[in-house]
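The values are calculated or read from the model by the stated rules, or taken from the named source; none is laboratory data. This structure is a prediction, so every number in the text was calculated from the model and none was measured. Glycine gets a Cβ as well: all are built from the backbone with ideal geometry, and neighbour counts include every protein chain shown.
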Amino acid sequence: MAGVWSPEDLLVAAVTSCYTVTLVALAERRELPLHTLHVSATGHLTARFFLVVDVVAVAATLAPAVRASRILPAEALRYQ
């Protein structure tokens with residue numbers, strides 16, 4: 001049904017929000033100035049009704065003087 005969010009949609013949104021906040025916290029801890037951050041995720045139900053959430057895109061813009069190699073989005077997974 002268009003325009004109606006399911007509980008699964010809300011759970012994917014919550015997981016994505018948590019992942020985003022984790023990335024922001026890691027950037028602050030490493031003193032990396034984030035100018036923009038965009039995180040996208042999808043979710044799907046398995047045959048046994050487990051919800052699998054995939055973070056499909058992470059895009060961050062740092063200050064030009066900061067090396068992009070200093071931030072590791074995969075590192076955020078260890079803190080969830």
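Tabulated data for the structure shown
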read-out	value
Residues located in segment 7-17, provided they are surrounded by 12 or more Cβ atoms within 10 Å (Cβ to Cβ) and within 19 Å of PHE50 (Cα to Cα)	GLU8, LEU11, VAL12, ALA13, VAL15, THR16
Residues that are under 15 Å from THR22 (Cα atoms), at pLDDT below 65 and of a type outside the set (Phe, Trp, Tyr), drawn from segment 36-80	ILE71, LEU72, PRO73, ALA74, GLU75, ALA76, LEU77, ARG78, GLN80
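To keep it simple, each residue is scored yes or no on (1) assigned to a strand (DSSP E or B); (2) out of contact with any Ser or Thr (no Cβ under 7 Å at 6 or more places or on another chain); (3) of a type in the set (A, V, I, L, M).
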| residue | (1), (2), (3) |
| --- | --- |
| TRP5 | no, yes, no |
| ALA13 | no, yes, yes |
| THR20 | no, yes, no |
| HIS44 | yes, yes, no |
| VAL58 | yes, yes, yes |
